[in-house]
Amino acid sequence: CARISAVNSPRLLIALLLLPSLARSQAVMGDAAFFRELGVLNEGVQADIKGSLVVKKNSGELAKDDAVRMVLAHLKGSGVPESYARAAFDDPAVKLYPDIPGKFKPGGKAGETPYDQYRKYFMTEDRIQAGVEFFRAHRELLAQAEQTYGVDPGILTGLLGVETAYGTRTGTYMVFSALYTITLKVPSRTDWAATELAEWLKLCYRQRIAPHSVKGSYAGAFGFFQFMPSSFNRFAVDFDGDGRISFDEWPDVVGSVANYLALAGWQRGGSLDKPAKNYYAIFAYNH
């Protein structure tokens, strides 16, 4: 589909949902404040939008030591050992992507696409058939998510089709190196990227994932649902109860997307028309 999936277009980039281990009482207050602060914008949905919300004070590109210092500051009190973080920065796998900075410059972002044209990229026979097959294969899981979170199975199916074509297009950039590149080479997004890089290290440390083993979008979104690290750490859930939150297994992916939409204001059986809450819940997930 001309590679117009979320991982390749800033206007579609999703970046959802963040911390699996928060106590529910803490998460409810935090989530409400999160969505209230940004209105209908999720800080992980579109890196370019989120970046524009933060007034940057960095006047130029940073050096590696600056990035390490910023990330270590964000990791204080998280339980992630400083030695673990430093080892990630010193790993030979770390690289800078020369094409990423240009994607954040004026003119480097995808422009608005009229709906009649946008629709052509997604409403293809192949994608429709893939959606039908996904729905049939995961009917019980989708029904369980609807029962738990109240989110329509068709909406969940559609979103996952837009984001990664049902898990088949999850990105080509190493998440760590993509965020590291942005931290060093995109002054207007330095603070945001350093925060996400710290969240990525938290996720990797807790889940025993090699920091340089996962690919995602150029902005650091990853997995079947294209969550940003902070979004994963905040909203992803262990929906199958196996003791691990997975970004590449459908039970946790479907449950996490439903959880995100529910916390964004989804109302069971509500209208999808603007200005209904369900419209804005979807908008918060993916513009």
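We did not get these values from a lab; they are worked out from the coordinates using the rules stated. Here the structure is a predicted model, which means the values were calculated and not measured. Cβ sites come from the backbone with ideal geometry, for glycine too, and all protein chains shown count toward neighbours.
Brief remarks on what is shown
- Anisotropy class of segment 62-167 from Cα gyration tensor, a/c 1.5 cut: oblate
- Each peptide in 156-163, 235-242 gets a packing score, the mean of other Cβ atoms within 10 Å over its residues, and the list from highest to lowest is 156-163, 235-242.
- For segment 217-285: rounded, prolate or oblate by the Cα gyration tensor [a/c cutoff 1.5]: oblate
- Cα gyration tensor shape for segment 155-246, rounded if a/c is under 1.5, else prolate or oblate: oblate
- Peptides 122-129, 275-282 ranked from most to least packed by the mean count of surrounding Cβ atoms within 10 Å: 275-282, 122-129.
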